[in-house]
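Q: Quick one: structure below, then a few questions.
The values are calculated or read from the model by the stated rules, or taken from the named source; none is laboratory data. Everything quoted here is computed from the prediction, not taken from an experiment. Heads up, the Cβs are rebuilt from the backbone with ideal geometry, glycines too, and the neighbour counts pull from every protein chain shown.
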Amino acid sequence: MEPDILKSNIEPSIILAIESSCDETSAAVIKDGQVLSNIIANQKVHESYGGVVPELASREHQKNIVPVIAEALNLAKVTKKDLNAVAFTRGPGLLGALLVGTSFAKSLALGLNIPLIEVNHMQAHVLAHFIDTPKPKFPFLCLTVSGGHTQIVLVKDYLTMEVIGETIDDAVGEAFDKTAKLLGLPYPGGPLIDKYAQEGNPHAFPFPEVTMEKLNYSFSGIKTNILYFLRDKVKENPKFIEENMADICASIQYTLVRILLNKVKKAAKETGIRQVAIAGGVSANSGLREALKEMAQKHRWKVFIPKFEYCTDNAAMIAIAGYYKYQAEEFTSQNVSALPRMKF
Ligand code: KG4
Ligand code: ZN
(Lines give C-alpha, C1' and ligand atoms only; values in the text may rest on other atoms or scores of the structure.)
(Ligands and ions follow the chains in the order given, each with its own letter.)
Protein backbone atom coordinates (compact mmCIF):
# COMPACT_ATOMS: atom_id res chain seq x y z
CA MET A 1 0.00 0.00 0.00
CA GLU A 2 1.25 3.51 -0.84
CA PRO A 3 1.54 5.91 2.13
CA ASP A 4 -1.23 8.50 2.21
CA ILE A 5 1.02 11.34 1.08
CA LEU A 6 -1.77 13.89 0.98
CA LYS A 7 -2.11 13.75 4.75
CA SER A 8 1.20 15.53 5.47
CA ASN A 9 1.29 18.11 8.23
CA ILE A 10 3.45 20.97 7.02
CA GLU A 11 4.12 22.28 10.57
CA PRO A 12 5.38 20.85 12.81
CA SER A 13 7.64 18.63 10.75
CA ILE A 14 10.17 16.14 12.03
CA ILE A 15 12.15 14.52 9.23
CA LEU A 16 14.79 11.79 9.34
CA ALA A 17 17.38 12.14 6.54
CA ILE A 18 19.71 9.41 5.27
CA GLU A 19 22.88 9.87 3.18
CA SER A 20 24.76 6.89 1.69
CA SER A 21 25.94 8.01 -1.76
CA CYS A 22 29.67 7.33 -1.36
CA ASP A 23 31.79 6.42 1.66
CA GLU A 24 29.98 8.18 4.50
CA THR A 25 26.95 6.67 6.23
CA SER A 26 25.06 9.55 7.75
CA ALA A 27 21.70 10.27 9.37
CA ALA A 28 20.21 13.54 10.61
CA VAL A 29 16.99 14.74 12.21
CA ILE A 30 15.50 18.12 11.35
CA LYS A 31 12.56 19.75 13.13
CA ASP A 32 10.83 22.71 11.46
CA GLY A 33 14.02 23.58 9.58
CA GLN A 34 16.36 23.23 12.61
CA VAL A 35 18.91 20.41 12.48
CA LEU A 36 18.76 18.50 15.79
CA SER A 37 21.36 15.82 15.03
CA ASN A 38 23.84 14.89 12.30
CA ILE A 39 25.71 11.60 12.77
CA ILE A 40 28.42 10.59 10.30
CA ALA A 41 30.25 7.24 10.14
CA ASN A 42 33.40 7.50 7.99
CA GLN A 43 34.67 4.42 6.22
CA LYS A 44 38.36 3.96 6.90
CA VAL A 45 38.44 0.70 4.92
CA HIS A 46 39.22 2.52 1.62
CA GLU A 47 42.40 4.29 2.79
CA SER A 48 44.84 1.60 1.72
CA TYR A 49 43.22 1.14 -1.71
CA GLY A 50 43.87 4.71 -2.92
CA GLY A 51 40.16 5.30 -3.62
CA VAL A 52 36.65 4.21 -2.68
CA VAL A 53 36.00 0.52 -3.42
CA PRO A 54 32.26 0.38 -4.30
CA GLU A 55 31.62 -3.14 -3.02
CA LEU A 56 33.28 -2.38 0.32
CA ALA A 57 31.36 0.90 0.59
CA SER A 58 28.01 -0.93 0.23
CA ARG A 59 28.99 -3.48 2.87
CA GLU A 60 30.07 -0.74 5.30
CA HIS A 61 26.79 1.14 4.77
CA GLN A 62 24.92 -2.08 5.45
CA LYS A 63 26.84 -2.46 8.72
CA ASN A 64 26.54 1.18 9.83
CA ILE A 65 23.07 2.26 8.82
CA VAL A 66 21.08 0.89 11.78
CA PRO A 67 23.38 2.22 14.56
CA VAL A 68 23.86 5.58 12.77
CA ILE A 69 20.10 6.15 12.48
CA ALA A 70 19.52 5.03 16.06
CA GLU A 71 22.15 7.52 17.27
CA ALA A 72 20.67 10.36 15.20
CA LEU A 73 17.19 9.74 16.64
CA ASN A 74 18.58 9.42 20.17
CA LEU A 75 20.58 12.62 19.99
CA ALA A 76 17.55 14.49 18.63
CA LYS A 77 15.43 12.96 21.42
CA VAL A 78 12.79 11.72 19.00
CA THR A 79 11.43 8.26 18.32
CA LYS A 80 10.46 6.72 14.99
CA LYS A 81 6.80 7.37 15.84
CA ASP A 82 7.47 11.14 15.99
CA LEU A 83 8.67 11.25 12.39
CA ASN A 84 6.57 13.01 9.71
CA ALA A 85 8.71 11.99 6.72
CA VAL A 86 11.89 10.19 5.65
CA ALA A 87 14.30 11.89 3.22
CA PHE A 88 17.11 10.03 1.45
CA THR A 89 19.80 10.56 -1.17
CA ARG A 90 18.54 9.07 -4.44
CA GLY A 91 21.66 10.03 -6.43
CA PRO A 92 24.13 10.81 -7.87
CA GLY A 93 26.56 8.34 -6.34
CA LEU A 94 27.59 4.68 -6.26
CA LEU A 95 24.68 2.36 -7.05
CA GLY A 96 25.30 -0.22 -4.34
CA ALA A 97 25.89 2.48 -1.74
CA LEU A 98 22.77 4.43 -2.73
CA LEU A 99 20.66 1.26 -2.66
CA VAL A 100 21.38 0.74 1.04
CA GLY A 101 20.02 4.19 2.02
CA THR A 102 17.20 4.09 -0.54
CA SER A 103 15.93 0.67 0.55
CA PHE A 104 16.14 1.56 4.22
CA ALA A 105 14.28 4.86 3.71
CA LYS A 106 11.56 3.18 1.64
CA SER A 107 10.99 0.45 4.20
CA LEU A 108 10.89 2.88 7.11
CA ALA A 109 8.45 5.23 5.37
CA LEU A 110 6.26 2.31 4.37
CA GLY A 111 6.31 0.83 7.86
CA LEU A 112 5.45 4.16 9.50
CA ASN A 113 3.01 5.16 6.72
CA ILE A 114 4.67 8.54 6.27
CA PRO A 115 5.86 10.38 3.11
CA LEU A 116 9.13 9.54 1.42
CA ILE A 117 11.28 12.36 0.02
CA GLU A 118 14.04 11.80 -2.55
CA VAL A 119 16.93 14.24 -2.50
CA ASN A 120 19.57 15.02 -5.14
CA HIS A 121 22.95 14.89 -3.39
CA MET A 122 24.39 17.84 -5.37
CA GLN A 123 21.33 19.99 -4.73
CA ALA A 124 21.72 19.15 -1.04
CA HIS A 125 25.38 20.34 -1.06
CA VAL A 126 24.09 23.73 -2.29
CA LEU A 127 21.25 23.81 0.26
CA ALA A 128 23.74 23.20 3.09
CA HIS A 129 23.97 27.02 3.08
CA PHE A 130 20.48 27.17 4.59
CA ILE A 131 21.30 25.08 7.67
CA ASP A 132 22.80 28.08 9.51
CA THR A 133 22.97 31.84 9.09
CA PRO A 134 23.94 33.92 7.16
CA LYS A 135 21.82 32.47 4.35
CA PRO A 136 22.30 33.60 0.75
CA LYS A 137 19.45 35.37 -1.06
CA PHE A 138 18.23 34.21 -4.47
CA PRO A 139 19.62 34.21 -7.07
CA PHE A 140 23.19 33.27 -6.15
CA LEU A 141 26.05 31.33 -7.72
CA CYS A 142 27.40 28.19 -6.08
CA LEU A 143 30.68 26.52 -6.96
CA THR A 144 29.96 22.90 -6.06
CA VAL A 145 33.18 20.94 -5.80
CA SER A 146 33.46 17.35 -4.62
CA GLY A 147 35.10 14.02 -5.39
CA GLY A 148 32.59 13.37 -8.16
CA HIS A 149 31.51 16.81 -9.40
CA THR A 150 32.72 20.27 -10.31
CA GLN A 151 29.85 22.57 -11.19
CA ILE A 152 28.93 26.23 -11.25
CA VAL A 153 25.29 26.31 -10.25
CA LEU A 154 22.88 29.22 -10.73
CA VAL A 155 20.57 28.88 -7.73
CA LYS A 156 17.22 30.50 -8.45
CA ASP A 157 15.25 29.07 -5.57
CA TYR A 158 15.51 26.28 -2.97
CA LEU A 159 14.44 23.71 -5.54
CA THR A 160 15.23 25.45 -8.83
CA MET A 161 18.86 25.28 -9.87
CA GLU A 162 20.68 25.31 -13.19
CA VAL A 163 24.18 23.99 -13.88
CA ILE A 164 25.82 26.72 -16.00
CA GLY A 165 29.32 25.22 -16.09
CA GLU A 166 30.89 21.86 -15.25
CA THR A 167 33.88 19.61 -15.77
CA ILE A 168 34.07 17.62 -18.97
CA ASP A 169 36.28 14.94 -17.36
CA ASP A 170 37.67 14.57 -13.82
CA ALA A 171 36.17 16.37 -10.84
CA VAL A 172 38.50 18.72 -8.95
CA GLY A 173 38.33 16.46 -5.87
CA GLU A 174 39.60 13.64 -8.08
CA ALA A 175 42.43 15.89 -9.29
CA PHE A 176 43.40 16.52 -5.65
CA ASP A 177 43.13 12.83 -4.73
CA LYS A 178 44.90 11.44 -7.82
CA THR A 179 47.82 13.87 -7.60
CA ALA A 180 48.09 13.10 -3.88
CA LYS A 181 48.36 9.42 -4.83
CA LEU A 182 51.24 10.29 -7.19
CA LEU A 183 52.95 11.85 -4.17
CA GLY A 184 52.48 8.62 -2.20
CA LEU A 185 49.76 10.06 0.08
CA PRO A 186 46.81 7.88 1.26
CA TYR A 187 43.19 8.35 0.15
CA PRO A 188 41.55 10.84 0.36
CA GLY A 189 44.57 12.98 -0.44
CA GLY A 190 42.76 16.34 -0.80
CA PRO A 191 42.93 17.26 2.91
CA LEU A 192 46.62 16.18 3.03
CA ILE A 193 47.57 18.37 0.05
CA ASP A 194 45.81 21.20 1.89
CA LYS A 195 47.80 20.47 5.07
CA TYR A 196 51.22 20.34 3.36
CA ALA A 197 50.37 23.36 1.17
CA GLN A 198 50.12 25.56 4.25
CA GLU A 199 53.90 25.31 4.73
CA GLY A 200 54.84 25.60 1.05
CA ASN A 201 55.48 28.18 -1.67
CA PRO A 202 52.58 28.21 -4.18
CA HIS A 203 54.85 29.65 -6.89
CA ALA A 204 57.67 27.10 -6.49
CA PHE A 205 56.53 24.97 -9.46
CA PRO A 206 54.30 26.71 -11.97
CA PHE A 207 52.05 24.12 -13.62
CA PRO A 208 50.40 24.95 -16.94
CA GLU A 209 46.61 25.29 -16.94
CA VAL A 210 44.16 23.79 -19.38
CA THR A 211 41.60 26.42 -20.34
CA MET A 212 38.17 25.26 -21.46
CA GLU A 213 35.58 27.23 -23.37
CA LYS A 214 32.52 28.83 -21.73
CA LEU A 215 32.18 28.05 -18.01
CA ASN A 216 33.47 24.50 -18.27
CA TYR A 217 36.45 22.83 -16.63
CA SER A 218 38.89 20.06 -17.45
CA PHE A 219 41.19 18.52 -14.84
CA SER A 220 42.54 15.38 -16.47
CA GLY A 221 45.32 17.28 -18.36
CA ILE A 222 46.71 18.88 -15.23
CA LYS A 223 46.96 15.51 -13.52
CA THR A 224 48.98 14.21 -16.49
CA ASN A 225 51.23 17.32 -16.42
CA ILE A 226 51.98 16.70 -12.75
CA LEU A 227 52.66 13.01 -13.43
CA TYR A 228 55.31 13.84 -16.09
CA PHE A 229 56.76 16.65 -13.97
CA LEU A 230 57.25 14.31 -10.99
CA ARG A 231 58.62 11.51 -13.16
CA ASP A 232 61.33 13.79 -14.62
CA LYS A 233 62.23 15.32 -11.26
CA VAL A 234 62.44 11.95 -9.49
CA LYS A 235 64.74 10.69 -12.26
CA GLU A 236 67.17 13.52 -11.41
CA ASN A 237 66.73 13.19 -7.65
CA PRO A 238 64.97 10.12 -6.16
CA LYS A 239 64.25 12.10 -2.99
CA PHE A 240 62.64 15.02 -4.89
CA ILE A 241 59.10 14.38 -3.58
CA GLU A 242 59.96 14.02 0.11
CA GLU A 243 62.35 17.00 0.00
CA ASN A 244 59.79 19.27 -1.70
CA MET A 245 56.44 17.96 -0.46
CA ALA A 246 55.16 21.30 0.90
CA ASP A 247 56.16 23.29 -2.21
CA ILE A 248 54.70 20.67 -4.60
CA CYS A 249 51.40 20.58 -2.66
CA ALA A 250 51.20 24.38 -2.47
CA SER A 251 51.84 24.65 -6.23
CA ILE A 252 49.22 22.00 -7.10
CA GLN A 253 46.65 23.62 -4.81
CA TYR A 254 47.38 27.10 -6.17
CA THR A 255 46.87 25.89 -9.75
CA LEU A 256 43.62 24.03 -9.04
CA VAL A 257 42.17 26.91 -7.02
CA ARG A 258 43.08 29.44 -9.71
CA ILE A 259 41.37 27.34 -12.41
CA LEU A 260 38.24 27.04 -10.23
CA LEU A 261 37.98 30.72 -9.39
CA ASN A 262 38.73 32.08 -12.88
CA LYS A 263 35.50 30.52 -14.12
CA VAL A 264 33.57 31.73 -11.08
CA LYS A 265 34.77 35.25 -11.89
CA LYS A 266 33.58 34.78 -15.47
CA ALA A 267 30.20 33.44 -14.29
CA ALA A 268 29.71 36.41 -11.94
CA LYS A 269 30.53 38.80 -14.77
CA GLU A 270 28.21 37.12 -17.27
CA THR A 271 25.24 36.80 -14.91
CA GLY A 272 25.77 40.05 -12.97
CA ILE A 273 25.27 38.06 -9.73
CA ARG A 274 27.41 39.20 -6.79
CA GLN A 275 26.58 36.54 -4.23
CA VAL A 276 28.92 33.58 -4.48
CA ALA A 277 28.84 30.39 -2.41
CA ILE A 278 31.00 27.27 -2.34
CA ALA A 279 29.85 23.78 -1.44
CA GLY A 280 31.00 20.14 -1.48
CA GLY A 281 34.02 18.38 -0.01
CA VAL A 282 36.66 20.54 -1.73
CA SER A 283 35.06 23.69 -0.24
CA ALA A 284 36.84 22.61 2.96
CA ASN A 285 40.12 23.52 1.21
CA SER A 286 41.80 26.42 3.02
CA GLY A 287 43.47 27.74 -0.17
CA LEU A 288 40.11 27.91 -1.94
CA ARG A 289 38.41 29.58 1.04
CA GLU A 290 41.15 32.23 1.33
CA ALA A 291 41.35 32.92 -2.41
CA LEU A 292 37.57 33.26 -2.65
CA LYS A 293 37.51 35.75 0.21
CA GLU A 294 40.25 37.81 -1.48
CA MET A 295 38.45 37.73 -4.82
CA ALA A 296 35.21 38.74 -3.12
CA GLN A 297 36.83 41.75 -1.54
CA LYS A 298 38.25 42.84 -4.87
CA HIS A 299 34.98 42.42 -6.77
CA ARG A 300 32.66 43.39 -3.87
CA TRP A 301 30.90 40.05 -3.80
CA LYS A 302 29.16 38.63 -0.78
CA VAL A 303 30.56 35.14 -0.16
CA PHE A 304 29.10 32.15 1.65
CA ILE A 305 31.44 29.46 2.95
CA PRO A 306 29.90 26.52 4.82
CA LYS A 307 31.09 25.25 8.19
CA PHE A 308 33.61 22.43 7.77
CA GLU A 309 31.14 19.79 9.01
CA TYR A 310 28.70 20.70 6.21
CA CYS A 311 31.31 20.73 3.40
CA THR A 312 31.97 17.00 3.11
CA ASP A 313 29.16 14.44 2.85
CA ASN A 314 26.63 14.61 5.67
CA ALA A 315 22.93 13.99 6.22
CA ALA A 316 22.19 17.48 7.63
CA MET A 317 22.26 18.78 4.06
CA ILE A 318 19.89 15.99 2.98
CA ALA A 319 17.66 16.98 5.88
CA ILE A 320 17.48 20.67 4.93
CA ALA A 321 16.76 19.73 1.30
CA GLY A 322 14.12 17.28 2.57
CA TYR A 323 12.60 20.05 4.68
CA TYR A 324 12.10 22.36 1.67
CA LYS A 325 10.67 19.51 -0.39
CA TYR A 326 8.33 18.66 2.49
CA GLN A 327 7.13 22.26 2.54
CA ALA A 328 6.55 22.08 -1.22
CA GLU A 329 4.84 18.68 -0.74
CA GLU A 330 7.23 17.09 -3.23
CA PHE A 331 6.96 13.47 -2.21
CA THR A 332 8.21 10.31 -3.84
CA SER A 333 6.42 7.09 -4.69
CA GLN A 334 7.40 3.73 -3.19
CA ASN A 335 8.36 2.65 -6.74
CA VAL A 336 11.47 4.86 -6.60
CA SER A 337 14.92 3.35 -7.15
CA ALA A 338 18.44 4.76 -6.69
CA LEU A 339 19.74 6.90 -9.57
CA PRO A 340 23.58 6.86 -9.78
CA ARG A 341 23.67 9.53 -12.51
CA MET A 342 20.88 11.71 -11.18
CA LYS A 343 20.78 15.21 -12.72
CA PHE A 344 19.30 18.35 -11.17
O1 KG4 B 1 31.53 16.05 -1.07
P2 KG4 B 1 32.47 14.97 -0.67
O3 KG4 B 1 32.65 14.67 0.79
O4 KG4 B 1 32.10 13.60 -1.36
C5 KG4 B 1 31.66 13.52 -2.67
O6 KG4 B 1 30.43 13.73 -2.88
O7 KG4 B 1 32.54 13.30 -3.54
O8 KG4 B 1 33.91 15.33 -1.32
C9 KG4 B 1 35.02 14.51 -1.16
C10 KG4 B 1 36.21 15.17 -1.85
C11 KG4 B 1 37.45 14.28 -1.90
O12 KG4 B 1 37.97 14.32 -3.21
C13 KG4 B 1 38.39 14.96 -0.90
O14 KG4 B 1 39.75 14.78 -1.19
C15 KG4 B 1 38.00 16.41 -1.07
O16 KG4 B 1 36.59 16.38 -1.16
N17 KG4 B 1 38.42 17.25 0.08
C18 KG4 B 1 39.38 18.18 -0.01
C19 KG4 B 1 39.52 18.73 1.28
N20 KG4 B 1 38.64 18.11 2.11
C21 KG4 B 1 37.96 17.20 1.36
N22 KG4 B 1 40.12 18.59 -1.06
C23 KG4 B 1 41.01 19.56 -0.86
N24 KG4 B 1 41.21 20.14 0.36
C25 KG4 B 1 40.51 19.77 1.44
N26 KG4 B 1 40.70 20.35 2.64
ZN1 ZN C 1 29.21 15.06 -1.82
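Q: Suppose we filter Asp157, Asp170 for residues that are within 16 Å of ligand 1 (Cβ to nearest atom) and more than 19 Å from Lys307 (Cβ to Cβ); which single one remains? Please lay out each step first, then the result.
A: Numbers: Asp157 fails: within 16 Å of ligand 1 (Cβ to nearest atom).
The conditions single out Asp170.
Q: Tell me, please, whether a residue that is among the basic types (Lys, Arg), more than 21 Å from Gly93 (Cα to Cα), away from ligand 1 (no atom under 13 Å from the Cβ) and not assigned by TED's automatic domain parsing to the domain that holds Ala319 can be found in the stretch 173-188. Give the derivation first.
A: Our first condition is that a residue be among the basic types (Lys, Arg); within the stretch 173-188, this holds for 178, 181.
Still in the running and more than 21 Å from Gly93 (Cα to Cα): 181.
Next, only the ones that are away from ligand 1 (no atom under 13 Å from the Cβ) stay: none.
Within the stretch 173-188, not a single residue is among the basic types (Lys, Arg), more than 21 Å from Gly93 (Cα to Cα), away from ligand 1 (no atom under 13 Å from the Cβ) and not assigned by TED's automatic domain parsing to the domain that holds Ala319.
Q: Determine, yes or no, whether Asn120 is within 15 Å of ligand 1 (Cβ to nearest atom) and out of contact with any His (no Cβ under 6 Å at 6 or more places or on another chain).
A: Details: within 15 Å of ligand 1 (Cβ to nearest atom): yes; out of contact with any His (no Cβ under 6 Å at 6 or more places or on another chain): yes.
When the stated conditions are applied, Asn120 passes them.
Q: Taking the conditions exactly as written (free of Cβ contacts under 8 Å to residues at least 24 places away in the same chain and of a type in the set (Asp, Glu)), does Glu242 satisfy them or not? So that I can check it myself, show each step before the final result.
A: Details: free of Cβ contacts under 8 Å to residues at least 24 places away in the same chain: yes; of a type in the set (Asp, Glu): yes.
In short, yes.
Q: Which residue out of Leu143, Leu192, Leu159 is aliphatic (A, V, I, L, M) and over 27 Å from Leu339 (Cβ atoms)? Reasoning before the result, please.
A: Values: Leu143 fails: over 27 Å from Leu339 (Cβ atoms); Leu159 fails: over 27 Å from Leu339 (Cβ atoms).
The conditions single out Leu192.
Q: Considering Ser251, Ser218, Ser283, which residue is within 18 Å of Phe304 (Cα to Cα), of a type in the set (Ser, Thr, Tyr) and under 26 Å from the mean Cα position of the chain (by Cα)? Reasoning before the result, please.
A: Details: Ser251 fails: within 18 Å of Phe304 (Cα to Cα); Ser218 fails: within 18 Å of Phe304 (Cα to Cα).
Testing whether each residue is within 18 Å of Phe304 (Cα to Cα), of a type in the set (Ser, Thr, Tyr) and under 26 Å from the mean Cα position of the chain (by Cα) leaves just Ser283.
Q: Report, by residue number, each residue of the stretch 195-216 that is modelled with pLDDT of 95 or more and more than 21 Å from Ala250 (Cβ to Cβ).
A: The answer is Lys214, Leu215, Asn216.
Q: Might you check whether a residue that is within 18 Å of the chain's Cα centre (by Cα), within 16 Å of ligand 2 (Cβ to nearest atom) and within 16 Å of Leu141 (Cα to Cα) occurs anywhere in the stretch 337-344?
A: Checked the stretch 337-344: at least one residue is within 18 Å of the chain's Cα centre (by Cα), within 16 Å of ligand 2 (Cβ to nearest atom) and within 16 Å of Leu141 (Cα to Cα).
Q: Just one of Lys156, Lys137 is over 30 Å from Tyr49 (Cβ atoms) and free of Cβ contacts under 8 Å to residues at least 24 places away in the same chain; which is it? Spell out the reasoning first.
A: Working: Lys137 fails: free of Cβ contacts under 8 Å to residues at least 24 places away in the same chain.
None of the other options fit; the residue is Lys156.
Q: Can you name the helices (runs of 4 or more DSSP H) wholly within the stretch 120-238 that have at least 3 residues being away from ligand 2 (no atom under 16 Å from the Cβ)?
A: Filter on the stretch 120-238 gives 172-182, 190-197, 220-236.
Q: Return the total of residues in the stretch 282-304 being within 16 Å of ligand 2 (Cβ to nearest atom) and in contact with a strand residue (DSSP E or B) (Cβ under 9 Å, 6 or more places away or on another chain).
A: Number satisfying all stated conditions: 4.
Residue by residue, here is whether (1) in contact (Cβ under 8 Å) with a residue 60 or more places away in the chain; (2) assigned to a helix (DSSP H, G or I); (3) crowded, with 24+ Cβ neighbours inside 10 Å holds:
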{"site": "Ile252", "(1), (2), (3)": "yes, yes, yes"}
{"site": "Ala268", "(1), (2), (3)": "yes, yes, no"}
{"site": "Ala291", "(1), (2), (3)": "no, yes, no"}
{"site": "Glu294", "(1), (2), (3)": "no, yes, no"}
{"site": "Asn314", "(1), (2), (3)": "yes, no, yes"}
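Q: Let me ask something else. When you check Asn244 against the structure, is it part of a loop (DSSP other than H, G, I, E, B) and either of a type outside the set (A, V, I, L, M) or more than 30 Å from Glu330 (Cα to Cα) (or both), yes or no? Step through it out loud before you land on a result.
A: Values: part of a loop (DSSP other than H, G, I, E, B): no; either of a type outside the set (A, V, I, L, M) or more than 30 Å from Glu330 (Cα to Cα) (or both): yes.
No: the conditions fail for Asn244.
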